[in-house]
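The values are calculated or read from the model by the stated rules, or taken from the named source; none is laboratory data. Fair warning: this is a prediction, and the values are worked out from it, not measured in the lab. Using ideal geometry, Cβ is built from the backbone for each residue, glycine included, and neighbour counts are taken over all protein chains shown.
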Amino acid sequence: MVQRKPSLALRLLSLLVVAPLLSGEGVAQVTTQLSENSSYVGACRQTRASTPVFEDARLTKSAGAIAPGTQVTLTGVVGSGIAQIKVPEIGWVEAANLQTNCDPSPPSEDLLPGDIDTNPTYCRRLRSSAIDGPQYRYLDAGLVAFDQPGGLLQQYQGQPDGPGRGATVRLTKSPAQIAVYGDRDWIRVKYTSRAGTQRLGWISLGSTGGLRSLANCLAGSTR
């Protein structure tokens, strides 16, 4: 009988499990935060800026840095705000430093409408309890955004990123790009990041058949 070798990602994950045991530390802290996402195995990403690389998932042991615009390959092992890469070197990076575009030319899905910032067709606002009623109080803290439904959480300086309370967002297409994942509807939008710059991401539109997190912009407002 031929025995199949475990994937590189799983072998690397095994090393992470063993290391804390050898150092006498508890293993739960690390292993419960890591998982392998099959859709990310071998996936290509590109660095947004100079990206520090670390030997460990807790980002405590520096292994150097990768130049801006460098293509990297994911192992498929991810954690909260972090991802493991295997090319150009094996290590851990912050997911916020990666973008999905691995081609010098933007893919067609990222070609936004030319009038996205002025056409009311694309304008939506995040609901709030002050305008829409107490049933929307859960949105008063804003929403977090993801690279894709079920994907990596978008972050800025180690904190979750996403549209804030009552924020105006823009649909990236008409009709909107909507997906279903985990019994929730997700919608792709352009929003203002915590950094003050514009960013693309997926946010929860709400549970399927439930309350909707977005509403049309108020009359006369496209900002």
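Some points to look at:
- Flag set for Gly162, criterion: crowded, with 22+ Cβ neighbours inside 10 Å and either assigned by TED's automatic domain parsing to the domain that holds Leu211 or under 19 Å from the mean Cα position of the chain (by Cα) (or both).
- In region 155-174, the residues that are modelled with pLDDT under 90 and in a loop (DSSP other than H, G, I, E, B): Gln157, Gly158, Ser174
- Condition check for Arg127: closer than 30 Å to Thr47 by Cβ, surrounded by 15 or more Cβ atoms within 10 Å (Cβ to Cβ) and not assigned by TED's automatic domain parsing to the domain that holds Gln33: no
- Filter result (touching a helix residue (DSSP H, G or I) at 6+ places or on another chain (Cβ under 7 Å) and under 24 Å from Ala96 (Cα atoms)) within region 167-199: Arg170, Leu171
- A Cβ distance below 6 Å, combined with a sequence gap of six or more or placement on separate chains, defines the contacts here; from region 166-181, residues that are in the same structural domain as Thr192 (by TED's automatic domain parsing) and over 15 Å from Asn216 (Cα atoms) reach residues that are β-branched (Val, Ile, Thr) and surrounded by 14 or more Cβ atoms within 10 Å (Cβ to Cβ) in the pairs Ile178/Ile187.
- Counting only strands (runs of 3 or more DSSP E) that sit completely within region 27-100, those holding 2 or more residues that are without any contact (Cβ under 8 Å) to a residue 40 or more places away in the chain correspond to 62-66, 71-79, 82-87, 91-94.
- Residue within region 135-142 that is small (Gly, Ala, Ser), surrounded by 14 or more Cβ atoms within 10 Å (Cβ to Cβ) and in the same structural domain as Ala176 (by TED's automatic domain parsing) present: yes
- Region 175-195, subset of a type outside the set (A, V, I, L, M, F, W, C) and assigned to a strand (DSSP E or B), residue nearest to Leu126 (Cα to Cα): Tyr191
- Filter result for Arg137 (farther than 30 Å from Val93 by Cβ and either under 13 Å from the mean Cα position of the chain (by Cα) or assigned to a strand (DSSP E or B) (or both)): no
- Any hit, region 196-211, residues being at pLDDT 95 or above, in a loop (DSSP other than H, G, I, E, B) and within 29 Å of Ser38 (Cβ to Cβ): no
- Region 30-52, subset of a type in the set (Gly, Ala, Ser), modelled with pLDDT of 85 or more and closer than 16 Å to Pro88 by Cβ, residue farthest from the chain's Cα centre (by Cα): Gly42
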